1. Can you name every residue in segment 85-136 that is over 20 Å from Val153 (Cβ atoms), of a type outside the set (A, V, I, L, M), open to solvent by 10 Å² or more (accessible area, probe 1.4 Å) and in contact with a helix residue (DSSP H, G or I) (Cβ under 8 Å, 6 or more places away or on another chain)?
2. Does any residue in segment 86-100 that is over 10 Å from Asp68 (Cβ atoms) come within less than 7 Å, Cβ to Cβ, of a residue that is crowded, with 22+ Cβ neighbours inside 10 Å and among the aromatic types (Phe, Trp, Tyr) six or more places away or on a different chain, and which pairs are these?
3. Looking at segment 330-341, which of its residues are open to solvent by 30 Å² or more (accessible area, probe 1.4 Å) and part of a loop (DSSP other than H, G, I, E, B)?
4. So, of the residues in segment 451-481 that are under 30 Å from Ser40 (Cβ atoms) and in contact with a Phe, Trp or Tyr (Cβ under 9 Å, 6 or more places away or on another chain), which turns out to be surrounded by the fewest Cβ atoms within 10 Å (Cβ to Cβ)?
5. Restricting segment 224-243 to residues that are assigned to a loop (DSSP other than H, G, I, E, B) and at negative phi, which is most open to solvent (accessible area, probe 1.4 Å)?
6. Return the pair list, or none, for Cβ contacts closer than 9 Å from residues in segment 413-424 that are closer than 23 Å to Ala454 by Cβ to residues that are open to solvent by 40 Å² or more (accessible area, probe 1.4 Å) and in a helix (DSSP H, G or I), at least 6 apart or on different chains.
7. Restrict the check to segment 502-513 and report whether at least one residue is more than 23 Å from Met251 (Cα to Cα) and under 19 Å from the mean Cα position of the chain (by Cα).
8. For residues that are open to solvent by 40 Å² or more (accessible area, probe 1.4 Å) and not in a loop (DSSP other than H, G, I, E, B), tally how many sit in segment 271-286.
Amino acid sequence: MQWRTFALGLPVLAAAAATLGPIAFEEIADRAGIRFVADSCPTPNKNLPETMLAGVALFDYDNDGYLDVYLVNGAAIPSLEKESPKYWNRLFHNNRDGTFTDVTEKAGVKGAGYGMGVAIGDYDNDGWPDIFLANVTKNQLFHNNHDGTFTDVTDKAGMGGAVLDGRKMWSIAAGWFDYDNDGYLDLFVSNYCKWEVNKDPFCGPNPNLRAYCHPKNYAPLPNTLYHNNGNGTFTDVSAATGISQIRGKGMGVAFADYDHDGFMDVFVANDNAPNMLFHNLGGKKFQDVALQTGVAYPESGAYVSGMGADFRDIDNDGWDDIWMSAFQNDTFPLFRNRGAAGDFTEITAVSGVGAITRSMFGWSNGIFDFDNDGWKDLLVVRGHALDNIAQLSLREPEEPNTVLRNLGNGKFQDVSAGAGAGFQAAAPHRGVAFGDLDNDGRIDAVVSVLNGKAQYFHNISQNDNHWILLKLVGVKSNRMGLGAQVRVSTGAGVQYNHATTSVGYACSSDPRVHFGLGASKVVKEIDITWPSRIHQTLHNVAADQILTVTEHAGEGR
């Protein structure tokens, strides 16, 4: 695939034409009826999974044109079973009037075992999105029955989870992508570390106070790649493709075709281990090129506590960049894709992101244009990993969230102070999924809070900027169009994005492709390269609409 390319470092979209105002959110979860508490069942034994529950998904499960909300929950310890409704995962149906209804029991998606993350994808191309759950215990795959209900097809599909040394590996996040471009979505699962309930090491700090242990006290695991056989079953191809050759403590998973060879690549943020960038070698093998491309470590040369990751073009040059969240003193590394050079350069410091994030503890994150000015911004939800740190007199576990405005000149500005009181309220935030929940063209966010109430940040940013939201329907490609590359041209310049649901940490976002258009009321050209290699172009498209684009060769409409 070939994009038009531009000189590195030169912005290609005129930010001056856009209207700038506060990026602002109103927290309305309770009013909207999204009432959920992520219960990790904290215990005196300090089991490590108690700190990491995160999953949130935004997807239109009933195809009514509005995003619904799914939240993942924990389980009782030590049984690791959902012994009461307080541990159920929850599905909230969007009533299309600003409110939501809990339809968990009717839909049959309360889940089983101890949950972590969620990934949404239409694995059988029937036009209805399905649910995959990454769990500490057995993973689960729910097939969408087209009638508001789901069926657990885990065993039939062969998706219960990979085993190492006789134990199912602790899965923490997952993402759907078509790695071989055969028209069916495959699944990548990031696995964390070797762990058994109530067998965590004793990590002090004194005989009378047991603390959660540092990840260095646990052995790493390989990740898992499932190939979609096209008949409702999957084959574990982790060894055959080279994915399982290296081990880490996998957290956030993100996909992009970073080198424009037509095949989707995989970035994995690792916790206290080098990051992984699996280069897709023509849909058959993967090679970890993180070290040689410059994304295994930040410039300091020491690995960080990688958490969430997003893999998108931040500077409108047509090449996908990487932003990951981490812990205090790590900063949140931002890697700029150098395009034809085939590698990345870290711009965390020069962009201003380093100084802003150095003191922060970050979890899930994302790269989206929250004010529709044509430049993608950065948002991260925050909170310390441990609940005993206040006792240790280090700091409180609660933190506010952070949003950084993209200034369009390679710099980012912290505009969190104006983002709303709810957004700035401190809590032990974990997961965040992004999407336009009310179809008003502004990207909203739903956030999970560890042992606290979920939050719905409704985007209320006020400006005169325009937007477009593309719902892609694959025909030869996978039905959701995941992996499709999109370029839009307006009077102000060009922008790039691609279809993906795997964003941040253990979460799944809106599959529709969003662009802020600034002052432009018309998109001169929408250029789509589908995973099938079919190239499709639309001309003179009106802004401020949700446009469904069905894959076909030649000119689109």
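The values are calculated or read from the model by the stated rules, or taken from the named source; none is laboratory data. Given the structure is predicted, the values throughout are model-derived calculations rather than measurements. Note: ideal-geometry Cβ built from the backbone for every residue, glycine included; neighbour counts use all protein chains shown. The area values use the complete protein model at the heavy-atom level, side chains included, leaving out ligands, DNA and RNA. Shrake-Rupley method; radii C 1.70, N 1.55, O 1.52, S 1.80 Å.
1. If the condition is that a residue be over 20 Å from Val153 (Cβ atoms), of a type outside the set (A, V, I, L, M), open to solvent by 10 Å² or more (accessible area, probe 1.4 Å) and in contact with a helix residue (DSSP H, G or I) (Cβ under 8 Å, 6 or more places away or on another chain), then Arg90, Gly98, Thr99, Phe100 are the ones that fit.
2. Asn89/Tyr70; Arg90/Phe36
3. Scanning segment 330-341 gives Asp330, Arg338.
4. Here is the first cut: in segment 451-481, the residues under 30 Å from Ser40 (Cβ atoms) are 451-459.
Those still in the list that are in contact with a Phe, Trp or Tyr (Cβ under 9 Å, 6 or more places away or on another chain) too: 453-459.
Numbers: Lys453: 16, Ala454: 21, Gln455: 26, Tyr456: 23, Phe457: 28, His458: 22, Asn459: 24.
Only one residue tops the list, namely Lys453.
5. Step one: of segment 224-243, the residues assigned to a loop (DSSP other than H, G, I, E, B) are 229-233, 237, 242.
Those left that are additionally at negative phi: 229, 231, 233, 237.
On the way: Asn229: 65, Asn231: 104, Thr233: 39, Val237: 22 Å².
Among those that are assigned to a loop (DSSP other than H, G, I, E, B) and at negative phi, it is Asn231.
6. Taking only residues 6 or more apart or on different chains, the pairs are Ser416/Gln424; Gln424/Ala417.
7. Of the residues in segment 502-513, the ones more than 23 Å from Met251 (Cα to Cα) are 512-513.
Then drop every residue that is not under 19 Å from the mean Cα position of the chain (by Cα), which leaves 512-513.
Yes, there is a match, as at least one residue in segment 502-513 is more than 23 Å from Met251 (Cα to Cα) and under 19 Å from the mean Cα position of the chain (by Cα).
8. Going through segment 271-286 one residue at a time, the tally reaches 2.
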